[in-house]
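Worksheet for the structure shown next.
The numbers here are math on the coordinates, done by the rules we state, and not lab data. Keep in mind the model is a prediction, meaning the values are calculated, not measured. Here the Cβ is made from the backbone with ideal geometry for all residues, glycine too, and neighbour counts use every protein chain on show.
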Amino acid sequence: MTDRMNRRQAIAGIGLGSLGVAMSASRAASGEAPATSTPPTPVAYTLPPLPYKSLEPIIDDATLALHHDKHHAGYVKGANAALEALAKARETGDFALVKHWERELAFHASGHALHTLYWTSMWPGGRGESSPTYPTALDQAMEASFGPREKMLDQFAAATKAVEASGWGVLAWEPLSKRLVALQVEKHQDLTVWGCVPILVCDVWEHAYYLKYQNRRADYVDAWMGIIDWQSASERFEKAAR
Ligand SMILES: [Fe+2]
């Protein structure tokens with residue numbers, strides 16, 4: 001997720017974009033040729049500036065400054081360090097610490113992604129509740145998904161209060177069922193980076209390989225690498241990177 005991502009794009013990106021998967025499948029079924037474009041150049045993570053000076057009295061200025069300048073900045077630094085370490089591992093072929101650095105990447109980049117969303121989920125005194133274009137598409141989607149607005153707000157607040165230990169309350173678009181959902185996110189990494197869109201996935205639950213490979217997961221993965229559908233992956237990428 002980039003710092004330039006606006007609120008709408010960011011919210012839409014949460015929750016592992018199955019939308020891209022569905023669109024790719026429909027394009028493949030229609031025989032439509034995959035689109036081509038120049039892929040974006042990877043950039044390092046950067047700390048976005050706060051979009052306001054203060055959220056007093058709801059959030060005190062000291063907390064806001066510490067949260068943004070120290071905690072969020074730490075996630076940015078950690079995510080870039082993990083990317084650098086993984087690049088070095090690819091260069092040297094030494095993947096002994098791959099598990100550690102993948103965890104580091106997931107933890108820090110998810111922290112960066114969610115904090116970027118957090119800052120743009122607030123505005124001094126709030127805004128937009130009485131939009132001149134009411135009902136907005138979001139208003140309509142909330143009503144279709146939750147019923148009256150108050151019910152959605154009740155569920156979101158209750159779910160957020162009940163998050164076990166550290167975590168997040170998240171309102172997300174779930175494209176497979178075409179509805180908004182309120183989610184509790186415990187911790188925040190779970191070895192993914194929020195906002196990512198999956199391009200290629202390999203199932204390593206035992207049900208995917210146990211009859212043939214038993215406990216030899218590595219053999220299954222090595223064999224699986226030879227049956228990848230790069231055409232479908234390219235189509236998903238084209239959609240995701242647009
Ligand atoms: Fe935080």
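Return only the number of the condition from (1) part of a loop (DSSP other than H, G, I, E, B); (2) of a type in the set (F, W, Y); (3) away from the ligand (no atom under 16 Å from the Cβ) that Y45 does not satisfy.
Here Y45 clears every test but (3).
Inside the stretch 146-179, can you point out the residues that are farther than 22 Å from G111 by Cα and either part of a loop (DSSP other than H, G, I, E, B) or under 21 Å from the mean Cα position of the chain (by Cα) (or both)?
Restricting attention to the stretch 146-179, the residues satisfying the condition of being farther than 22 Å from G111 by Cα are 146-155, 158, 175-179.
Across the stretch 146-179, the qualifying residues are G147, P148, P175, L176, S177, K178, R179.
Rundown of residues vs (1) polar (S, T, N, Q); (2) more than 18 Å from the chain's Cα centre (by Cα); (3) within 13 Å of the ligand (Cβ to nearest atom), yes/no style:
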{"position": "L55", "(1), (2), (3)": "no, yes, no"}
{"position": "H72", "(1), (2), (3)": "no, no, yes"}
{"position": "L83", "(1), (2), (3)": "no, no, no"}
{"position": "A87", "(1), (2), (3)": "no, yes, no"}
{"position": "R90", "(1), (2), (3)": "no, yes, no"}
{"position": "S110", "(1), (2), (3)": "yes, no, yes"}
{"position": "W123", "(1), (2), (3)": "no, yes, no"}
{"position": "E129", "(1), (2), (3)": "no, yes, no"}
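When both residues are 6+ apart or on different chains and their Cβ atoms are under 7 Å apart, which pairs have a first residue that lies in the stretch 210-233 and is small (G, A, S), and a second that is assigned to a helix (DSSP H, G or I)?
From residues that are small (G, A, S), the pairs are S232/S24; S232/A28.
How many residues are surrounded by fewer than 11 Cβ atoms within 10 Å (Cβ to Cβ), more than 16 Å from the ligand (Cβ to nearest atom) and not polar (S, T, N, Q) if we restrict to the stretch 131-169?
8
Please work out if A79 is assigned to a helix (DSSP H, G or I) and free of Cβ contacts under 8 Å to residues at least 24 places away in the same chain.
The answer is no for A79.
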